[in-house]
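One structure is given here, and the rest of the page talks about it.
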Amino acid sequence: MPFAASKLGNIISSFIDQNVALEFIINGYSPGSGLAAPIATGVQGYLDVPFDCTLKSVRLYSDQTGNIAIDVQKATYANLFTLSSIVGSSPYELVAARKYRDTTLTGWTINFVAGDVLQYSVVSTNGVITRVTCSFTVRRSAFNQAAVTGNMHWRGTWDTTANYVVNDVVFYNGSSYIAIVNNIGDAPPGVSWELLASEGSPGIGTTPPVIAAESRIAALKAFRR
């Protein structure tokens, strides 16, 4: 069984970088020509939250100086249109500016779970800005914390009777997983595990997943020295 191709740099990043950017870009355009135009008010689109995380800061960047106010609402996928605003007491907006940052987040909803959906809407604008980037800096939950704070331990194929601790890595059903909590008998991909390297599709001349996972663990350890 082959190992799913993935650049080592991406794997290292997922372990080392606890903070991740979730970005949503709003472009204004003319419906007739498709050319850039000032952003209009209203709902602009949606963004899926891919993992459990905590909001650490918010930013706005625009293509030119102007005024624009953004509302971000959150819902679950099952209740997508039962939305509530996550924006706090300080408006998420640009006022005669091209950039904005808030790290205090007073009144903001800051906890997200995997599968949450964010809806972005323009509440008001002075009709100047044609492109704005809405950037959230979030911190991933337990997986990154576990991976950064200790050494990983290769334990081979998962065993239903084995006692696993945080940072143990196992091979199971073609993929490798890292323990994010101590556990016994919780088979990957259970709540005790986070995916490390997934099984790929059949091919020729590929690296077996056990060997590939071991080599990546060795590389990650060397990287952190």
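Below are the figures for this structure:
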{"item": "Distance between modelled label sites at Asp63 and Val191, nm, 7 Å Cα→Cβ extension", "result": "4.6"}
{"item": "Full-stretch length increase - Arg155, Ala75 - with 0.36 nm per residue and alpha-carbon distance subtracted", "result": "24.9 nm"}
{"item": "For region 39-45, 3J(HN,Hα) per residue [Karplus equation, 6.51 cos²θ - 1.76 cosθ + 1.60, θ = phi - 60°, Hz, x = Gly/Pro]", "result": "5, 8, 6, x, 5, 10, x"}
{"item": "Amide H contacts under 5 Å for Asp168, placed H, 5+ residues apart", "result": "His153, Ala179"}
{"item": "Point-to-point label distance, Thr104-Tyr172, nm (Cα→Cβ direction, 7 Å offset)", "result": "4.5"}
{"item": "Cβ-based net charge around Asp159, under 14 Å, with every Lys or Arg adding one and every Asp or Glu removing one", "result": "-1"}
{"item": "Amide H partners (placed H, <5 Å) of Ala37, local residues excluded", "result": "Gly28, Tyr29, Ser30"}
{"item": "From phi via Karplus (6.51, -1.76, 1.60), per-residue ³J(HN,Hα) for region 67-74 in Hz, x at Gly/Pro", "result": "10, 7, 10, 10, 10, 10, 10, 10"}
{"item": "Under-5 Å amide H pairs with Ala162, H placed in peptide plane, nonlocal only", "result": "Gly185"}
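Every number in this text was worked out from the coordinates using simple rules, so none of it is lab data. Please read these numbers as outputs of a predicted model, since none were measured by experiment. All Cβ positions, even for glycine, are placed from backbone atoms using ideal geometry, and neighbour counts span all protein chains on display.
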